[in-house]
1. How many residues does region 101-111 hold that are surrounded by 13 or more Cβ atoms within 10 Å (Cβ to Cβ) and within 11 Å of Ile71 (Cα to Cα)?
2. State all residues of region 22-36 that are in contact with a Pro (Cβ under 7 Å, 6 or more places away or on another chain), loosely packed, with under 12 Cβ neighbours inside 10 Å and not small (Gly, Ala, Ser); if no residue qualifies, say none.
3. Looking only at region 1-59, count every residue that is free of Cβ contacts under 8 Å to residues at least 40 places away in the same chain and part of a loop (DSSP other than H, G, I, E, B) and tell me the total.
4. Of the residues in region 23-46, how many are among the β-branched types (Val, Ile, Thr) and modelled with pLDDT under 80?
5. Tally the residues that are touching a helix residue (DSSP H, G or I) at 6+ places or on another chain (Cβ under 7 Å) and over 28 Å from Cys109 (Cα atoms), restricting the search to region 33-59.
6. So, Gln70, is that one farther than 21 Å from Phe3 by Cβ and touching a His at 6+ places or on another chain (Cβ under 8 Å) or not?
7. Mind checking whether some residue in region 95-104 is touching a Lys or Arg at 6+ places or on another chain (Cβ under 6 Å), over 30 Å from Val17 (Cα atoms) and free of Cβ contacts under 8 Å to residues at least 60 places away in the same chain?
8. Give me the residue from region 63-88 that is in a loop (DSSP other than H, G, I, E, B) and in contact with a helix residue (DSSP H, G or I) (Cβ under 8 Å, 6 or more places away or on another chain) and, out of that set, surrounded by the fewest Cβ atoms within 10 Å (Cβ to Cβ).
Amino acid sequence: MRFPPQSGDKPLSYVLVKDYDISINILKAEVMPGKRGNLLLEMEATEENIEKGIAYLKEHHVECQPLDKQIKLDQERCISCGNCTAVCFAGALTMNPETWELEFNKDECVACELCVKACPLGLFEIHFSNGD
């Protein structure tokens, strides 16, 4: 979601939950009072409720765009130091207890980007693209 400064003081996510029965998970937020804001959400509800919720957001001049996350780890260069696992609250990055090799489960990743900063070799790349 991208919203203009005049929408920043409205409880948009609260209305999605309360009025449209949409479960939301805020993955990333960049909100500054009086400035344009960005919010990356996972939403779960019936297709009808999501459509109604998006229509509500658009009425408030909020741009909505489905996104796909593209996460890339250079596994070839990885030394399995485990730094990334220490910051991965989602459990997408784990150490195999038998081989002590890093294992990456992309389906569990929430694209918080903490691994990008934690990796001493800079082996993670996270990109968002339009889901269309």
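1. Count: 4.
2. Here is the first cut: in region 22-36, the ones in contact with a Pro (Cβ under 7 Å, 6 or more places away or on another chain) are 34-36.
Now restrict to residues that are loosely packed, with under 12 Cβ neighbours inside 10 Å: 34-35.
Passing the criteria: only Lys35.
3. Here is the first cut: in region 1-59, the residues free of Cβ contacts under 8 Å to residues at least 40 places away in the same chain are 5, 8-9, 11, 13-14, 17-24, 26, 29-39, 43-55, 58-59.
Keeping just the survivors that are part of a loop (DSSP other than H, G, I, E, B) gives 8-9, 11, 21-22, 31-36, 45-46.
Total satisfying the criteria: 13.
4. Step one: filter region 23-46 for residues among the β-branched types (Val, Ile, Thr), giving 24, 26, 31, 46.
The next check asks that each one be modelled with pLDDT under 80; those that pass are 31.
Result for region 23-46: 1.
5. 3
6. On the way: farther than 21 Å from Phe3 by Cβ: yes; touching a His at 6+ places or on another chain (Cβ under 8 Å): yes.
The answer is yes for Gln70.
7. Initially, region 95-104 is screened for residues touching a Lys or Arg at 6+ places or on another chain (Cβ under 6 Å), giving none.
No.
8. As a first pass, look at region 63-88 and keep what is in a loop (DSSP other than H, G, I, E, B): 64-66, 74-82, 88.
Checking the rest, the ones that are also in contact with a helix residue (DSSP H, G or I) (Cβ under 8 Å, 6 or more places away or on another chain) come to 64, 88.
Numbers: Cys64: 16, Cys88: 20.
So, considering only residues that are in a loop (DSSP other than H, G, I, E, B) and in contact with a helix residue (DSSP H, G or I) (Cβ under 8 Å, 6 or more places away or on another chain), the one surrounded by the fewest Cβ atoms within 10 Å (Cβ to Cβ) is Cys64.
The values are calculated or read from the model by the stated rules, or taken from the named source; none is laboratory data. Predicted, not measured: the structure shown is a model, and the values here were computed from it. So basically every Cβ, Gly included, is an ideal-geometry build from the backbone, and we count neighbours across all protein chains shown.
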